[in-house]
Amino acid sequence: MKRVVVALIPYLWLLGLFLVPFAIVLKISLSDVAMARPPYLPQFSWNEGIGAFLSQLDFENFTFLTTDDLYWKAYLSSLKIAATSTLLTLLIGYPIAYAMARTPEQWRATLMMLVILPFWTSFLIRVYSWMGILSQEGYLNQLLLGLGVISEPLILLNTKIAVYIGIVYTYIPFMILPIYAALHRLDNSLIEAAEDLGCSRAKAFWLVTVPLSRNGIVAGCFLVFIPTLGEFVIPSLLGGSGTLMIGKVLWEEFFNNRDWPVASAVAVVLVLILIIPIVLFQQNQQKQQEAES
Amino acid sequence: MLQTVFAPWDDPTAKPLIRFSNVTKQFGDFTAVRNLTLDIYEHEFFALLGPSGCGKTTMMRMLAGFEDPSSGQIELAGQDIVPVPPNKRAVNMMFQSYALFPHLNVWDNIAFGLRRAAMPKDALRARVEEMLKLTRLERFARRKPHQISGGQRQRVALARSLAKAPRLLLLDEPMGALDKKLRQDTQFELMDIQEKTGTTFVIVTHDQEEAMTVASRVAVMDEGELIQVATPSAIYEAPNCVYVADFIGDVNIIEGAVHPCGPTCYKLHWAEGFAPLVASSEQPFATAQKVFLAIRPEKMHISAEPPAGAENTIQGRVHDIAYLGNISTYHVEVAGGRILKAQAANTRRIENRGFTWDDQVWLSWAANAGVLLEA
């Protein structure tokens, strides 16, 4: 009996904090926009009964998403930005994690601390400070102008580059930590064995180090990709009007257009898109746990 | 018919496969290997034996190419191999942890080195199958390393390191992770495989029994230096110093001053008021020189009655008995509270033993049973 209760807790958690809110959002997405409070119809009332209520719901908003190309372009652009920044984060994060795993034991705790340190400051403040760094009169341009590297200030803020910088900066700890965890466990004698059997250093890296850190790479990529796909703060603060991301579209639907049903439809589709990588991520974690036991 | 004994180290014309010349290796201000010179011959099963930190693993890692000597030269078949990186040496190593690639199955682990050598597919398959057969692993070819037992993993590591048919195979504590029974079986298996393949083996171990069992020659090391390099029987019967005598097996050390009593005969005065002991030695000693007589427990005869015609006899009292089943070790207290150990085979049932705790016994041995060593 006790065991059943314990096993139920995560499901109740999931039900209360994910499935119920999701059902509400789904319901709103099937409603129609209205000048009301809340701004959509139908509202459920016990007098009319469930059948009448359900009969008023329709997929109109989802059909609408397909008619305006803004939406699928925003989804596609978000996917592209998320994929590109995941790749960039991997390319920058892997060498950092590798270097951390290879530093002498006594320095590792300090390096780990440095990776986690940014979390001590609010995410929003850190993104704002990037505006100060990247703006035309910002620190970066001042530095480069001062060094004589450039003669005209670079336009960075409100471009895609700024969005990539912001995303990579924000999410890189999520890439570094799982890769570091995988590399840190790697037995150095495996590399020596590969060299002993005829591998050059580079070849040993590709044939042994990379495959053995695969689980870390996969975990890191999902941890970056999933939140980046729906990212709203970074593109709206650092990106210009040219940066189309679904998180921004969603926000505008909710707060500028006050069209909750369409905004909910956008959110539902986003969740459906994210379910695939989340399921894959779970499978990866499970496989890793099985391999370790 | 004259049987040729395998002893290239006694043949002055034999060319060594490996030659260490004045090799020193320093890590910071710690000297791991000190000005060491050593020849190892083809087809040898050579054991580097010593306590941890004696430099034996450093020697092996220098042969594999993972460490460069600070000074001196290492030759393999006449060629200086110090500048050659590990992946270009005809030397393979079996790691203490086995270092099997966890993401590859047994088959692919064994094929790993062959693939790097760009071996044709058919030849590669044949070679891997041959290795699987040699190490009796055919049934486990498709398993991952974590799906097989420790003993099987050890054989995979051996097969992988032998697959490229190296000139020299290095084995770093190859049986360290196996339990005692499996270790003994594996030792014989290893000797069989060494004989079948004709590869030169260099094994690093801290287990003297293992070194004695498998090796054609044993090098006893301590603090980065070679103390003695000889066949197992020579190391055991004729250790060149107290350290070796003590490190290999059990030994009684009796201290005293020698007086010559013939060309190879010495009398050892070991305790006031007791008859001197007679010992033969090829090595000359000066009169009244302080020496140690090292004598193995099994070469000491223990009896309840004074033995007739023995060259050396000491009377004592049984202080302790260690019963090991097939043999017993008797700790006998003799003059001055000294404890000497004598071993006897338990040829009779234990209840018929002639003496027990606190009984008076006589220890006796021949003049040539022990060795005299410089103090």
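Bear in mind these aren't lab numbers, they're just calculated from the coordinates by the rules spelled out. Just so we're clear, the structure is a prediction, and the values are computed from it rather than from any experiment. Here the Cβ is made from the backbone with ideal geometry for all residues, glycine too, and neighbour counts use every protein chain on show.
Charges on Cβ only, +1 for Lys and Arg, -1 for Asp and Glu, centred on the Cα centroid of the protein assembly as shown; of B:6, A:41, A:154, which one is farthest towards the dipole's positive end?
A:41
For chain B, which span is the longest to avoid every loop-located (per DSSP) member of GluC sites (Glu not before Pro) having at most 16 other Cβ atoms inside 10 Å?
Working: sites that count: B:42, B:223, B:272, B:282, B:311.
Longest site-free region, per DSSP loop and neighbour criteria: B:43-222.
Hey, for a label at residue B:339 modelled as a point 7 Å past Cα toward Cβ, could you say which residues of region B:235-249 have their backbone N under 18 Å away?
Residues passing the 18 Å test: B:246-247, B:249.
For chain B, what proportion of DSSP beta bridges, expressed in % and rounded to the nearest 5, is antiparallel?
75
Mind putting a number on the dipole of region B:161-259 about its Cα centre? Charges go on the C-beta only, +1 for Lys and Arg and -1 for Asp and Glu, and I need it in Debye to the nearest 20. Each step should come with its number before you reach the end.
Working: 7 positive and 17 negative charges, 108 e Å.
About 520 debye.
For chain B, with a Gaussian network of springs between Cα atoms less than 10 Å apart, report the residue from B:267, B:181, B:196 with the top mean-square fluctuation.
B:181
With unit charges on the beta carbons (Lys and Arg positive, Asp and Glu negative) and the dipole taken about the Cα centre of region B:116-164, which residue among B:158, B:148, B:123 sits farthest to the positive side?
Of the options given, the answer is B:148.
Provide the three semi-axes, in whole Å and in decreasing order, of the ellipsoid equivalent to region B:213-358 as defined by the square roots of 5 times the Cα gyration tensor eigenvalues.
After scaling each eigenvalue by five and taking roots: 27, 23, 13 Å.
Could you work out how much longer the chain between residue B:234 and residue B:358 gets when fully extended? Use 0.36 nm per residue separation minus the Cα distance between them, nm to one decimal. If you can, show how the numbers build up before the last one.
Details: separation 124, 0.36 × 124 = 44.64 nm, distance 3.57 nm.
41.1 nm is the gain from fully extending residue B:234 to residue B:358.
For region A:68-292, just say rounded, prolate or oblate: build the C-alpha gyration tensor, square-root its eigenvalues into a ≥ b ≥ c, call rounded for a/c under 1.5, and beyond that prolate if a/b exceeds b/c, oblate if not.
oblate
Tell me, in nm to one decimal, what length is gained between residue B:68 and residue B:88 on full extension, where the rule is 0.36 nm per residue of separation less the Cα-Cα distance?
So the extension gain works out to 5.7 nm.
Among residues other than residue A:54 whose Cβ falls under 15 Å from its Cβ, what is the net charge (Lys/Arg +1, Asp/Glu -1)?
On the way: positive: A:27; negative: A:32, A:48, A:58, A:60.
It works out to a net charge of -3.
Could you give the dipole magnitude of region B:242-373 about its Cα centre, charging the beta-carbon of Lys and Arg +1 and that of Asp and Glu -1, in debye to the nearest 20?
Charge dipole of region B:242-373: 140 debye, to the nearest 20.
Calculate, in whole percent, how much of the Cα-Cα pair population of region B:77-126 lies beyond 17 Å.
Summing the P(r) of region B:77-126 above 17 Å gives 51 percent of all pairs.
What share of the DSSP beta bridges in the protein assembly as shown is antiparallel, in percent to the nearest 5? Don't jump to the answer; show the numbers that get you there.
Values: 61 of 79 bridges.
Of the beta bridges lying entirely in the protein assembly as shown, close to 75 percent run antiparallel.
Summing -39500 (n - 2.57) over the DSSP H runs of n ≥ 4 in the protein assembly as shown and dividing by its residue number, what mean residue ellipticity at 222 nm do you reach, to the nearest 500 deg cm²/dmol?
Helix contribution divided over all residues of the protein assembly as shown: -13500 deg cm²/dmol.
In square nanometres, what is the average projected area of the Cα convex hull of the protein assembly as shown? Walk me through the numbers before you get to the answer.
Working: hull surface 206.0 nm².
Projected area, direction-averaged: 51.5 nm².
So if the hydrodynamic radius of region B:157-271 is defined as the Kirkwood radius over C-alpha pairs, what does Stokes-Einstein give as its diffusion coefficient at 10 °C and 1.306 mPa s, in µm² per second?
Translational diffusion coefficient: 96 µm²/s.
From the phi angles alone, apply the Karplus equation (6.51, -1.76, 1.60; θ = phi - 60°) to region A:169-182 and give each ³J(HN,Hα) in whole Hz, x where the residue is Gly or Pro.
Using θ = phi - 60°, the values come out as 4, 5, 9, 4, x, 5, 7, 5, 4, x, 5, 4, 4, 6 Hz.
Taking the Cα centroid of region B:284-298 and of region B:128-159, what is the distance between the two, rounded to the nearest whole Å?
So the two Cα centres are separated by 50 Å.
Which residue, A:28, A:172, A:125, tops the fluctuation ranking in a GNM of chain A built on C-alpha contacts under 10 Å?
It is A:125.
Taking Cα centroids, how far is region A:230-260 from region A:1-67 in Å?
23
Classify chain B as rounded, prolate or oblate from the Cα gyration tensor: take a ≥ b ≥ c as the square roots of its eigenvalues, call it rounded if a/c is under 1.5, otherwise prolate when a/b beats b/c and oblate if not.
On the way: a/c = 2.69, a/b = 1.78, b/c = 1.51.
Since a/c reaches 1.5 and a/b is larger than b/c, the shape of chain B is classed as prolate.
Counting only other residues whose beta carbon sits under 15 Å from that of residue B:262, what net charge do I get with K and R as +1, D and E as -1?
On the way: positive: B:267; negative: B:282, B:311.
After counting each charged neighbour, the total is -1.
Using a cut-off of 27 Å between alpha-carbon atoms, which lysines can reach residue B:290, once sequence neighbours fewer than 8 places away in the same chain are excluded?
Here the lysines satisfying the reach criterion relative to residue B:290 are B:267, B:299, B:341.
Assigning unit charges at the beta carbon (Lys, Arg +1; Asp, Glu -1) and nothing else, what dipole magnitude in debye, to the nearest 20, does the protein assembly as shown show about its Cα centre? Mind dumping the intermediate values first?
Values: 56 positive and 62 negative charges, 311 e Å.
With only Lys, Arg, Asp and Glu charged at Cβ, the dipole is about 1500 debye.
Between region A:79-121 and region B:74-113, how far is it from one alpha carbon centroid to the other, in angstrom?
First find each Cα centre; the distance between them is then 32 Å.
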